[in-house]
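Working notes for the structure below.
The values are calculated or read from the model by the stated rules, or taken from the named source; none is laboratory data. Keep in mind that this is a model prediction, so the values were computed, not measured. Neighbour counts run over all protein chains shown; Cβ positions are idealised from the backbone, glycine included. Each accessible area value is taken on the protein alone, full model and side chains, heavy atoms only, with ligands, DNA and RNA left out. Shrake-Rupley method; radii C 1.70, N 1.55, O 1.52, S 1.80 Å.
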Amino acid sequence: MRIIIQLTTDLFQKEKACQKTIEEVKKRHPEQTFVVCPAQYVAQLTASVEETHPLLPIKGYIAGEGKEKAARWAVEVKADAVEHWTIVKGLYTADPRKVASAKIIRALDYQDAMELASAGTGLLDRKALHLLAASSIPLHIRSVFHLEKEGGTTIDAFGSKHRVKALSAESNVALVSLSGMAFQGVAGIDARAFGALYEEGISVKLVSQASSERSLGLVVDQAVSHRAKNALQKAFTSDEDTLVKVLEGLTILNIVGRHNYALERSIYELRRNNIWMHLIANSVEGHQISLVIDGSQERKAMELVHNQLLGQLKRLNVFCFGKGLVGGTFIRQVLESSEYVRNKRKLDIRLIGVADSKQAYFQAEGISEDWRAQLENSPLSNDPDGVIAWLSTSGLSNLVIVDNTADQRLTDSYPSFVKAGCDLVASNKKGNAREQAFYDDLRFLLHRKGKQFKYETNVGAGLPLIDTLIQLHHSSDRITRIKGVFSGSMSYLFNTFCATDRTFTDILEEAQQRGYTEPDPREDLNGMDVARKLLILARTVDARAEMAEVEIENLIPEQLRSIAHFQDFKAQFSVLDEHYGRLKSSLDAGEVLRFVGDMQLSASGEAALTVSLIRVPKGSPMGG
């Protein structure tokens, strides 16, 4: 087999690579091997292999001509293949310095490889690929350190079955737009524009024209953008209402390979992460899609599109508010289950930060088991605006805010988080139980931004109650009533109280110590927790209601409600015991007390919501 080997300059710039290259060349059959080497290293290579390969054909090349020279020589000697030896292992699906999940492309056809070459991939040359394609000579790109192993990239007529092959980015470009009312229906506008740029020696990378023919968008290198603007202004100086503008700091994101849904999926993922596309272009053959975006979003955009089209894993970057019983448990569970979720669900959930009531801690690469100590020593504030600012400049995508607090003020920032490109998850019920206008505005914003708000833990302790309710509501079933014991703490309290001879406050203190109630259990006894849950259920099925419309029975006797401090309230526990002792003694045989939320929906969709302590048969669903 006749093989043309093209050696890259970087192979001679590091001693280890140079020695390995010489060693590998010596292993090849001298009468079937032809070497193309950087001109400045031809003498060095010739001297190194002279003893074993004195007649080895070696040609030198100057910078930028090596690939084409190797291809022409391959055609001339009718070579069986061209091998491109370098430091890297082959072509990647994206620049691995920008996209951590980039993988080696094992196979490409000539057409896709030429598209990648046009998109700026340095390992490829379009003219060389054209020559090899015409003679059906395959090209192998391999690392000199991995020649004996399967790997690298092979380019031939067959390629790969994968539709989307790779992503590439061309940075530092500018969009020059030319617009004018007088352009519509006038022939030769494009020719005049391109002629003006041609006279200045300016090459255009992408072109976009409005269907109205009133504007023309041209993407050029940023370095020549103002020359392009001046040339166009000069060419159209006599045309009334002509406007030429330049937008700099852009990047062309190229998607190489045929795929019917690549554009749709890419646009969806970019838009839901607040990345705007200034221009979208598609090659005539459909082998390449180009998206022009802000250069500051390049890394983020590449990772998003790569993971959507080529990645094995989807990554969620999660920031958590709250480190208490619920918040701390959530963080621990995510850290412990991350490998399982990654393997089973192909989902990489990365906790990138946490905030408590005072400060915040960020780690873009993911927090570790010592996050509590890191949070305690962090100088950063827990201010939501500061968190948004950090997230916005982090370059991270697929951001999720998790609210495991009971903080009403934090819910004020929900719209700001959504505007910053974040999805929301909350065990905090107060965001969904606020005024109806806030609820409606947040839903409208979520829909407009393509974001999700998951709140399954608001009602039902994480059981799939909310999701089931939504599916029923969206089906042909009409929900007319929901009734149940919605408070786990109150369930424990009255189940135990009615089944034992213990006092009410003895059980209440036990529930408090076990963490079943809030630190101040009056927040459970006043009925607001159940009222919020009932209101959330009502709104989940599109019933409109305000908290003031919920009839709530406060379980704290009236004479104790004005006590400010919990210790003073605790001193009056005997009043509570006397009150609930009377209620219990008044029960009929087989009856128990249950704290129940009840929602009734009329045919017109109006909701009647009540929260009350009721008597029910012990053998009933509520009593059980």
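Summed over the residues of the chain and divided among them, the accessible surface reaches 50 Å² per residue at a probe radius of 1.4 Å. Just report the Cα centroid separation between segment 45-80 and segment 383-451, whole Å. About 61 Å separates the Cα centre of segment 45-80 from the one of segment 383-451. Need the C-alpha centroid separation for segment 329-357 versus segment 535-562, integer Å. The distance from the Cα centre of segment 329-357 to that of segment 535-562 comes to 35 Å. Calculated FRET efficiency, Ser160 to Tyr261, Cβ-Cβ distance, R0 = 25 Å: about 0.90 to the nearest 0.05. Segment 98-117 and segment 260-274 have Cα centres lying 20 Å from one another. Label-to-label distance for Asp440 and Arg544 is 0.5 nm, based on points extended 7 Å past Cα in the beta-carbon direction. Between Gln567 and Glu553, the simple label model (points 7 Å from Cα in the Cβ direction) yields a spacing of 3.4 nm.
Rounded to the nearest percent, how much of the accessible area of segment 252-349 (1.4 Å probe, protein heavy atoms only) is carbon and sulfur? Reported share for carbon and sulfur atoms: 48 percent.
Quick one: work out the % antiparallel among DSSP beta bridges in segment 68-225, nearest 5.
Restricted to segment 68-225, the bridges split so that about 65 percent are antiparallel.
Given the chain, what percent of its DSSP beta bridges are antiparallel, to the nearest 5? Close to 55 percent. Among the listed pairs Lys16/Lys127; Lys89/Lys161; Lys27/Lys161; Lys98/Lys229; Lys323/Lys449, those with a Cα-Cα distance over 26 Å are Lys16/Lys127; Lys27/Lys161; Lys98/Lys229; Lys323/Lys449.
Rounded to the nearest 10 degrees, the angle from helix 189-199 to the longest Cα principal axis of the chain is 60 degrees.
Annotation: extensible slack from Leu583 through Gln44 equals 184.0 nm (criterion: 0.36 nm per residue apart, minus Cα-Cα distance). Projecting label points 7 angstrom from Cα along Cα→Cβ for Met277 and Val341 puts them 2.9 nm apart. Multiplying the residue separation of Glu248 and Ser491 by 0.36 nm and subtracting their alpha-carbon distance yields 81.3 nm.
Let's see if you can work this out: charge +1 on each Lys and Arg Cβ, -1 on each Asp and Glu Cβ, no other charges. What is the dipole magnitude of the chain about its Cα centre, in debye to the nearest 20?
So the dipole magnitude of the chain works out to roughly 1440 debye.
By a 1.4 Å probe calculation restricted to protein chains, His565 has an accessible surface near 120 Å², given to the nearest 10.
As a check on your grasp of the helix formula, calculate [θ] at 222 nm for the chain: sum -39500 (n - 2.57) over DSSP H runs of n ≥ 4, divide by the residue count, round to the nearest 500.
Rounded to the nearest 500, it is -10500 deg cm²/dmol.
In segment 482-624, the portion of solvent-accessible area held by carbon and sulfur atoms comes to 46 percent [1.4 Å probe, whole percent, DNA, RNA and ligands not counted]. One chain, two ends: Glu606 and Ala134. Fully extended at 0.36 nm per residue, the span grows by 162.5 nm beyond their Cα-Cα distance. Accessible-area rank, largest first, for Arg315, Arg481: Arg481, Arg315, with all protein chains present and a 1.4 angstrom probe.
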